[in-house]
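Below is one structure, written out as structure tokens; the observations come after it.
The values are calculated or read from the model by the stated rules, or taken from the named source; none is laboratory data. If you're wondering where the values come from, they're calculated on a predicted model, not measured in any experiment. All Cβ positions, even for glycine, are placed from backbone atoms using ideal geometry, and neighbour counts span all protein chains on display. Each accessible area value is taken on the protein alone, full model and side chains, heavy atoms only, with ligands, DNA and RNA left out. Shrake-Rupley method; radii C 1.70, N 1.55, O 1.52, S 1.80 Å.
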Amino acid sequence: MSAYSTTYKVAGVNSGHCKAIVSGALRELDAVDTVHVEISTGLVTVNTAAEPDDKLIEETIEDAGYDYIGRA
């Protein structure tokens, strides 16, 4: 069970295709249990067992081609 639920703001997630790319990239991280992306708001909620590594989350989102804004 996830101990942490952290929400980030991401720019450019405007479709189901974008949602799938961001979700898939974040799910590849060892610490991530689940990911929920809201297309309408650009909010990405990441559930992890331990405190998330914001820098790693940022790099993963940026590498996927989207703009990481920060914690929401």
Carbon + sulfur, % of accessible area of the chain - ligands and nucleic acids excluded, 1.4 Å: 50 percent
Nitroxide proxy distance, nm - points 7 Å out along Cα→Cβ at Ala3 and Ala49: 1.0 nm
Accessible area (Å², per residue) of the chain, counting only protein heavy atoms and a probe of 1.4 Å: 56 Å²
Nearest-ten-degree value, helix 54-63 long axis tilted from longest Cα axis of the chain: 30 degrees
Label of the coordinate-derived value, percent of Cα pairs over 18 Å apart, listed as (1) 29; (2) 43; (3) 25: (3)
Net lengthening on full extension, Arg27/Glu62 (0.36 nm per residue, minus Cα-Cα): 11.1 nm
Sequence-separation-based contact order of the chain, relative, with Cα cut under 8 Å and 6+ spacing, percent: 46 percent
Within the chain, helix-based [θ] at 222 nm, where runs of 4 or more DSSP H residues each add -39,500 (n - 2.57), nearest 500: -9000 deg cm²/dmol
